[in-house]
Structures are given as structure tokens and as C-alpha cells.
Amino acid sequence: MVTKTKLLGIVVTYYPDIDETRNNIMQYIADVDCLIIWENTPEADLKKHRILLSQYADKIIYMGTGKNEYIAYPLNRAVEYGQQNGFTHILTMDQDSCFENGHFEKFKQIACENQDSLSIFGPNPNYRTEFNDDLPIQQETLITSGNVINLKLFDTIGLYREDYKIDCVDYEFCYRANRKGFHCFMIGSILLKQKFGNTVKTKMSFFTSNYPPMRLYFMARNNILLYREYPEYGFGKIKTYIIKPFFKIILSEKRKMTKIKSLFRGFIDGVKTKNTH
């Protein structure tokens, strides 16, 4: 007997651009059975940053704790809600991610058509690959936003790592799945526009992300943690997410000392933190 797909979506918001986030949600909400909007915006500012879609009010559930819970904690609460309420799959989204018009409907069909697949399926973010057909392309990792995952996978490999909080939550989950014999697949024809920080082009013609100090701390700490736990992650990623940002901050960003201190603290904590998993 084939189980009917029942898709739960979750989008995590934090001081969202109301119009942009509403438009992004409109690209996929018609094709999910229920959408959790997890609000990380602090309670004092929540009312003016709530995303309202009156035409879909019957399928939206608002969740949150009144403070910023980052990424892993909200995703895990959504997984648990899905498992307890008869959903078969989950869609995980960022507030600033946008599917190309009409692409999510096709993506849902591809990702959910094999009921026995415990693979992780993701779209093609920012044209990462030139492949544009519907054949799944195996990847080492996928970003969180745009993933469709069979909820049974979480029974097998566990939930997202809440000690990671935000950065590398997706990569750690993918590597853990890989080690258990499961795979990550990108669908090249499904395009997703994804923002990474507040990216700007500098006067020296390179791009810099302008992440706040808190994000730089977690970027450094979690990339070191990930490299220690999964050496296959490769030292090249350390250069990408720690060393290159260091020089870009020096050359072009404001609040240089504060940001460099955050990177350094994250690096030290990543080296010193004991692995309990």
C-alpha cells in the first residue's frame, strides 16, 4: 500500500523583510499541507514582524519561544510535530530563500515520488551547477533551505545537532547521513535564490558577506568542530569560512576589531570544545 505524501513545511524567521518573506513563502505554500512559521524575533518586536497570509491562514501554525533559538532547535521541533501528526516529509526553508516560479511543485513531485527513499533532496541554489535536468545529482552536502526529507530518516540518524545552533547544522546532518549509508541529491532544474549574509561588492571588486559578529563566531567555531568530527569535510572549507572572511574583514568591512575577535573566539572554542557525540 502506497502512503500518501503529507508534506510539512517550516520557515524560520528573524526580523524578516515582511514583503520579501511573504513573496518567498507564496512560491511553495500552496504545495505543502501545513506550514510552521517559527518566529525567532524577540517577543517585544514580534507583532510588527509577523508574516500574515490570510488566504492560507488555515494551514499556518506559528511557533516560537519569544527569543532567538537559531536554526537547529526550531527544525527539530518541526520534525517532532510532523512525526506526531502523521506527516511523511518535511520542507525546511530560510526566510530569504525563493524558488523560481512554479519550480517547487515539480520539486515536491521528484523528491516525494519514491516513498522508500530516505535520501535528502535539495534544489540548485544560486545556480551552483549548470546541470538543469530533473535527474538527481549526488552531492556531499546540501544547504538547509529548500530540503525535502522523508521524516523516517530522522528515526534512523537522529535530529539536527542543537549544539551547532546555526552554522554547519546542514553540513553536519548531511555527513552523518552519508556515514549511515544515505545520500544527498540536488535537482539541477529546480532553482533557488538564496542570500548569504548582506553581500556587497567592495571597491576592490571582490564580494564580502558582512556577517554580524555573532554569525562569525559560529561560522568559525562550527567549521572547526565539523572538521574535527568529519575530516572528510576538508581543510579547504576552513580557508573558505574562516581565513578568507578574516582578510575580507580587514580589507573592506566595518567594526573590524569586533568581528575579528568573534572569529578568533569561535576558532578557539572550536578547538577546545570536547566532542560528546
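The values are calculated or read from the model by the stated rules, or taken from the named source; none is laboratory data. It should be emphasised that the depicted structure is a prediction, and the values quoted were computed from it without experimental measurement. Positions of Cβ are backbone-derived with ideal geometry, glycine not excepted, and every protein chain shown enters the neighbour counts.
Some notes on this structure:
- Lone qualifier among Glu253, Glu229 - being modelled with pLDDT of 90 or more and not basic (Lys, Arg): Glu229
- Options Ile51, Ile60, Ile90, Ile18: the member that is within 18 Å of the chain's Cα centre (by Cα), in the same structural domain as Leu135 (by TED's automatic domain parsing) and not charged (D, E, K, R): Ile90
- Residue match in segment 108-123 (condition: under 14 Å from the mean Cα position of the chain (by Cα) and either under 26 Å from Ile18 (Cα atoms) or in a loop (DSSP other than H, G, I, E, B) (or both)): yes
- Matching residues in segment 141-188 - criterion: being of a type outside the set (Val, Ile, Thr) and surrounded by fewer than 17 Cβ atoms within 10 Å (Cβ to Cβ): Lys152, Asp155, Gly158, Leu159, Glu162, Asp163, Arg179, Lys180, Gly181, His183
- Any hit, segment 211-230, residues being more than 15 Å from Asp167 (Cβ to Cβ) and either in contact (Cβ under 8 Å) with a residue 12 or more places away in the chain or exposed (fewer than 13 other Cβ atoms within 10 Å of the Cβ) (or both): no
- Residue within segment 57-65 that is in contact with a helix residue (DSSP H, G or I) (Cβ under 6 Å, 6 or more places away or on another chain) and under 25 Å from Gly158 (Cβ atoms) present: no
- In segment 1-101, counting only strands (runs of 3 or more DSSP E) that sit wholly within it, the ones holding 2 or more residues that are within 20 Å of Val169 (Cα to Cα) and without any contact (Cβ under 8 Å) to a residue 60 or more places away in the chain span 34-39.
- Matching residues, segment 31-90, being among the acidic types (Asp, Glu), in contact with a Leu (Cβ under 9 Å, 6 or more places away or on another chain) and surrounded by fewer than 18 Cβ atoms within 10 Å (Cβ to Cβ): Asp31, Asp33, Glu80
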